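Notes to accompany the following structure.
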Amino acid sequence: MATVLAIETSCDETAAAVVRKRHILSNVVSSQIDIHRPYGGVVPEVASRQHVEFINSVIANAFSQANVTWDDIEGIAVTCAPGLVGALLVGLTAAKTLAMLHNKPLIGVHHLEGHIFASYLQNPDLCPPFLCLLVSGGHTSLIKVEDCGQYQTLGQTRDDAAGEAFDKVARLLGLGYPGGPAIDQISNKGNPQGFKLPEGKISLPEGGFHPYDSSFSGLKTAVLRLVESHQQRAVELPVADMAASFQLTVAQALTRRTINCALNYGLSTIAVGGGVAANSALRYHLQEAAQKHHLQVLFPPLALCTDNAAMIACAGAEHLDRGHTSPITLGALSRLPISQVMQLYSGVL
Ligand code: KG4
Ligand code: ZN
């Protein structure tokens, strides 16, 4: 399989990596978390400017850590959708420039396909079909992986993504940004049974509930109401109990839907991806439920759960091997359903 350089700038990490045959040669991530922290979230314009500042040194580090030269690189993969358009454009412009300069094929990669491919880096022998639970700051999806480039979305969130819910609830609890790791940490000291919170279900017109779709906005509002009622009564909010109860509710909701989906579609392997895959309660509950149902569940290591370019390189290498390359006119797209990834390839090497 090909040796590929990849660039990832879809949100607030400036990242570059070199991957060969599902094997990481280098994986460099420059995080902007400290820059966005005072604003309580990612400021798109600030993110774009930071990417411009760091992109060249991140790529240079990826080369030196991998100990490769341009002669070793067979293609340049780049995240081109979905994400913040200004941020995506920085990585895309760098990738196109390098592709033209060094006469290498360009491979546009869908960010979510990258998160799916993080599991191949950890488990090179993993074979489709399998179910991917993709839980990040922008997405909460259950995706049937049929083959490289062939995906079927079976469930998604109707409002907030799981990571977004963690970030918003952390803000309500005064835990700072990013919220996921902060809630995860403080939950260790809290009672997860402290508050009974609503899981958030999607009603179907014919009655009953959607088995795989999620909704987290009601859960977030329930936390807000409890915070307000404690304030009004001048009673100190047990923050750790609230965080732990929220985390348990999310973990159980995701676990229930994922296990049902895997069983109903006859998929015996579940690969988890995205920043929320780092969550300790989700890891515990999903692993426990999977074991009970004789399903295999794969969690990439934490560094591959959050945004990185190694996962983009891994997806790019697989597409390149299949002759899937992108035109140099490839644009950045803020949205693109994962079922439409093949639109990114013109097919001519
Ligand atoms: O995949 P990712 O790095 O970026 C996106 O593509 O969105 O995910 C970032 C999200 C953030 O919302 C962050 O709060 C969440 O992942 N996150 C976590 C944890 N670590 C990161 N959520 C829950 N528990 C964690 N330990
Ligand atoms: Zn991501």
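What translational diffusion coefficient, to the nearest whole µm²/s, does region 128-304 have by Stokes-Einstein, given a Kirkwood radius computed over alpha-carbon pairs, a temperature of 37 °C and 0.692 mPa s viscosity? In µm²/s, the coefficient rounds to 199. With contacts taken as Cα pairs under 8 Å and at least 6 residues apart, the chain reaches a relative contact order of 25 percent. Take every pair of alpha-carbon atoms less than 8 Å apart whose residues are at least six positions apart; their mean separation over the length of region 128-304 yields a relative contact order of 26 percent.
For region 4-69, place one equal point scatterer on every Cα, skip the solvent, and apply the Debye formula. What is log10 of I(q)/I(0) at q = 0.22, 0.26, 0.29 Å⁻¹? Cα-only, vacuum Debye calculation for region 4-69: -0.83, -1.01, -1.17. Hey, with R₀ at 56 Å, roughly what FRET efficiency would Ile202 and Trp70 work out to, going by the Cβ-Cβ distance, to 0.05? For R0 = 56 Å, the calculated efficiency reads 0.65.
Highest-first packing order for the peptide set 292-305, 165-178 is 165-178, 292-305, based on the mean count of other beta carbon atoms within 10 Å. Remark: spin-label model distance Arg256-Glu146 equals 3.0 nm, labels positioned 7 Å along the Cα→Cβ axis.
Calculated on the alpha-carbon coordinates, the convex hull of the chain measures out at 134 cubic angstrom per residue.
Other residues whose C-beta falls under 14 angstrom from the C-beta of Asn188 contribute a net charge of 0, scoring Lys and Arg +1 and Asp and Glu -1.
What net charge do the residues around Ser339 carry, taking every other residue with its C-beta under 12 Å from that of Ser339, with Lys and Arg at +1 and Asp and Glu at -1? Please list the in-between numbers first.
Details: positive: Lys144; negative: Glu113, Glu146.
Result for the local shell: -1.
Spin-label pair Lys292-Ser217: with each label point 7 Å from Cα along the Cα-Cβ axis, the two points sit 3.1 nm from one another.
Note on Ser229 and Ile35: with the Förster distance fixed at 45 Å, the Cβ-Cβ geometry gives a FRET efficiency of about 0.80.
Both numbers refer to the Cα atoms of region 1-153; Rg and Dmax are 15.5, 43 Å.
Hydropathy at least 1.0 by Kyte-Doolittle, axial extent at least 24 angstrom from the Cα trace: which helices of the chain, defined as entire DSSP H runs, fit?
Correct list, ordered by number: 85-102.
Once the chain from Thr329 to Ser280 is taken as fully extended at 0.36 nm per residue, the excess over their C-alpha distance is 13.5 nm.
In region 194-249, which GluC sites (Glu not before Pro) are in a loop and have at most 12 other Cβ atoms within 10 Å, using DSSP for the loop call? When the GluC sites (Glu not before Pro) of region 194-249 are filtered for loop state and at most 12 Cβ neighbours within 10 Å, Glu206, Glu236 remain. In terms of its C-alpha gyration tensor, region 74-157 comes out oblate, because a/c is 1.5 or above while a/b does not outweigh b/c.
No lab work stands behind these numbers, since they all come straight from the coordinates. On a predicted model such as this, the values are computed, not experimentally measured, just so you know. Please note: Cβ atoms are built from the backbone with ideal geometry, for glycine as well, and neighbour counts cover all protein chains shown.
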